[in-house]
Amino acid sequence: MNTILLHRGFGSKKKLFICGHAFKKYPVRRHDRKRSKLRNIINNIRRFAPTIFKNTEITVSVRSKIFTTQSDESGYFELEIPIEHEREGWHSYSATFSGSDREFHGEYYIAKDNGVGVISDIDDSLLVSHSAYNLRKLYTLLVNNSHSRRAVSNIGELERIWQLENRGNTPNFFVYLSNSEWNLYDFLIDFFDVNELPRGVYLLNSIITHFSEFFTKQGKKLHNNHKVKSIERLISYFPEKRWLLVGDTAQHDVNIFESVIIAHPNAIQAIIVREIKEKHERKTADIKKLSNEKNIRFYTY
């Protein structure tokens, strides 16, 4: 059945970003803690084989205003909408295929122009993924569901740092930024709910339409600047906001954070890095030095 999956969007009080995917067949089912490893494997393979609805017109309704867009070759669409909001917090929106009256619903978060926001990596920063080891990463992905996947062991220390940097309170605007594919969107929603992690917006990488692409795209997607572009967009939406950047040493987060600090030192309040192994300490030496030079606080957890 034709489906529009609306992802959580975000915006300031004057500008909104929303996105989603159009499918002819969306194979994902809700996660059940009692499922066997075999059932998890079957469902996770299906997750990476959706039937997309490309180049189709979509009508989006936000605060009684109508906008029209079109899905691209991967079924993806996005909109930047100038629109006035008076209230911070979560809001709903809807979309239909043009010519259809069947509505699909989503939500977005309107954040304060200033204050503290969190931009956090997911894999091995919050969710144990073994992302530096392809075979181990694949096994972890396939045999588990949102109930059996594990959060990193020192998540409590990270939460303490978030609160320390926000006057003792957990920040209310979280953006989870990952090179993982949009295929994992519903899994991540469930995993964060199960583990009672802060509700937030997800910005993920290009969707996969055949399971073989899981292998062929792994190297390429790390170099498509998805994370840098997403951080740049967030800074442009909230030029007065100060960000806490959270990542790990398993892949390229440290290099990405260095480039952001150089380009936007006044936008970053703190860098928070999870050191996966003791030998990774040398990876953080340069960014720690750069952070100190720019008066940006630096933490490891």
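The values are calculated or read from the model by the stated rules, or taken from the named source; none is laboratory data. Note that the structure is predicted; figures quoted are calculated from it, not measured. Glycine gets a Cβ as well: all are built from the backbone with ideal geometry, and neighbour counts include every protein chain shown. Remember, those area values only see protein heavy atoms, side chains included, never the ligands or the DNA or RNA. Shrake-Rupley method; radii C 1.70, N 1.55, O 1.52, S 1.80 Å.
Counting pairs of alpha carbon atoms under 8 Å apart in space and at least six apart in sequence, what relative contact order in percent does the chain give?
That works out to 18 percent.
Accessible area per residue, 1.4 Å probe, Å², for the stretch 1-58: what's the number?
52 Å²
Just to be sure I understand: if I project the alpha-carbon convex hull of the chain onto a plane and average over all orientations, what area do I get in nm²?
With the hull built on Cα positions only, its mean projection is 15.4 nm².
Sort out for me the Cα centre separation of the stretch 241-271 from the stretch 128-198, rounded to whole Å.
18 Å
Stretch Lys229-Asp193 to full length: gain in nm at 0.36 nm per residue minus the Cα-Cα span?
Difference between extended and current length: 10.3 nm.
Under 12 Å from the Cα of Lys54, which aspartates and glutamates turn up, not counting those fewer than eight places away in the same chain?
Those aspartates and glutamates meeting the cut-off are Asp72, Glu73.
With all pairs of different alpha carbon atoms counted, what Kirkwood hydrodynamic radius in Å does the stretch 21-161 show?
Taking the inverse mean of 1/r over all distinct Cα pairs, the stretch 21-161 comes out at 18.6 Å.
Specify which residue in the list Val116, His85, Leu16 is farthest towards the positive end of the charge dipole of the stretch 1-117, using unit charges on the beta carbon of Lys, Arg (+1) and Asp, Glu (-1), about the Cα centre.
Val116
How large, in percent, is the carbon and sulfur part of the accessible surface of the chain at a probe radius of 1.4 Å?
It is 47 percent, rounded to a whole number.
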